[in-house]
Amino acid sequence: TDIGENRIQEAKAKREILDRAVRWHLIGHLQENKVKAAVRYCSLIHSVDSEKLLAAINREALRQAKVMKVLLQVNIAEEETKFGFRLEEVSSVIQNSKELKNIRICGLMVIGPHVEDQEEIRKVFLKGRQLYDRLNSVRQENVKMEILSMGMSSDWKIALECDSNLLRLGRIMFD
């Protein structure tokens, strides 16, 4: 009953033809001009990668009279081709978000580095797990760490070993 899409346009089109109720997750990069549709159609946005985007989601959720669940995307591997907060930014982002009443930060989304070395992937996922554990002690009205989204089709086994509780599987489902 949970389906992830990389683009809000694809989720919107599939939502109109699907014959059952599902929860839509936006797992791809979200541009500010797509926030209105993402808030309307999705139950969880995995890819919040800037404070500006977090504020835009909050404003739109207020307009739509809902609380939007989000995950903060963390670029632990510091890859230039990926979006996300740096590891050392996350605590201050959460602190700065305390006035955003129409968002709920439910956890983190971590993308493993695109490398063959499984130990390097494991190190990134373990850092993600450690950050998630530290953030569990945050007592802030709009924060409740429940989701650690790590692992895709190429590295899901490592992610599970590192205690991911949400996998973003795509192509492996069709192999």
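Nothing in this text is a laboratory measurement; each read-out follows from the coordinates by a stated rule. Quick caveat, the model's predicted, so the values are computed rather than measured. Here Cβ is always computed from backbone atoms with ideal geometry, including for glycine, and neighbour counts include all displayed protein chains.
So what are the ³J(HN,Hα) numbers for the stretch 143-148, from phi and the Karplus equation (6.51, -1.76, 1.60; θ = phi - 60°), rounded to whole Hz, Gly and Pro as x?
Each residue's phi maps through the Karplus curve to give 10, 8, 5, 10, 10, 10 Hz.
Using θ = phi - 60° and the Karplus form 6.51 cos²θ - 1.76 cosθ + 1.60, what ³J(HN,Hα) does each residue of the stretch 107-117 get, whole Hz, x for Gly and Pro?
x, 10, 10, 10, 9, x, x, 8, 9, 7, 5
Cβ neighbours within 10 Å, averaged per peptide: list 109-122, 45-58 in order, most packed at the top. Intermediate values should be presented prior to the final figure.
Values: 109-122: 16.9, 45-58: 20.6.
Put in order of decreasing packing, that is 45-58, 109-122.
Please give the calculated 222 nm ellipticity per residue for the chain, where each DSSP H segment of at least 4 residues contributes -39500 (n - 2.57) and the sum is spread over every residue; nearest 500 deg cm²/dmol? Each step should come with its number before you reach the end.
Numbers: 6 runs with 61 residues, N = 175.
-10500 deg cm²/dmol, from helical runs alone.
Using modelled backbone amide H atoms (1.01 Å from N, in-plane), which distant-in-sequence or interchain residues come within less than 5 Å of S47's amide H?
Those lying under 5 Å, H to H, from S47 are L71.
Charges only on Cβ, +1 for Lys and Arg, -1 for Asp and Glu: so what's the dipole of the stretch 39-94 about the Cα centre, in debye to the nearest 20? Intermediate results must be reported in sequence, preceding the final value.
Numbers: 8 positive and 8 negative charges, 110 e Å.
Taking the Cα centre of the stretch 39-94 as origin, the dipole is about 520 debye.
Treat the stretch 107-172 as a sphere of radius equal to its Kirkwood radius over Cα pairs and apply Stokes-Einstein at 37 °C in a medium of 0.692 mPa s; give the translational diffusion coefficient in µm²/s, rounded to a whole number. The partial results should precede the final answer.
On the way: Rh = 12.1 Å.
Stokes-Einstein gives a translational diffusion coefficient of 271 µm²/s.
Among the listed pairs K82/K123; K34/K66; K127/K157; K66/K98; K12/K98; K36/K144, which are separated by more than 20 Å between their Cα atoms? Display every interim value, and only then the final one.
Working: K82/K123 17 Å; K34/K66 17 Å; K127/K157 16 Å; K66/K98 17 Å; K12/K98 30 Å; K36/K144 23 Å.
Exceeds cut-off: K12/K98; K36/K144.
For Cα extents along the principal axes in Å, one of [x] 44, 40, 26; [y] 60, 29, 28; [z] 41, 35, 33 was computed from the structure I shared and the rest are decoys. Which label?
Matching entry in [x] 44, 40, 26; [y] 60, 29, 28; [z] 41, 35, 33: [x].
If we sort 80-89, 148-157, 60-69 on the protection proxy, mean other Cβ atoms within 10 Å, highest first, what's the order?
On the way: 80-89: 14.1, 148-157: 20.5, 60-69: 16.6.
For the peptides 80-89, 148-157, 60-69, the packing ranking is 148-157, 60-69, 80-89.
Kindly write out, for the stretch 56-63 in residue order, the coupling ³J(HN,Hα) from the Karplus curve 6.51 cos²θ - 1.76 cosθ + 1.60 (θ = phi - 60°), rounded to whole Hz, with x marking Gly and Pro.
Calculated HN-Hα couplings, in order: 5, 5, 4, 4, 5, 5, 4, 4 Hz.
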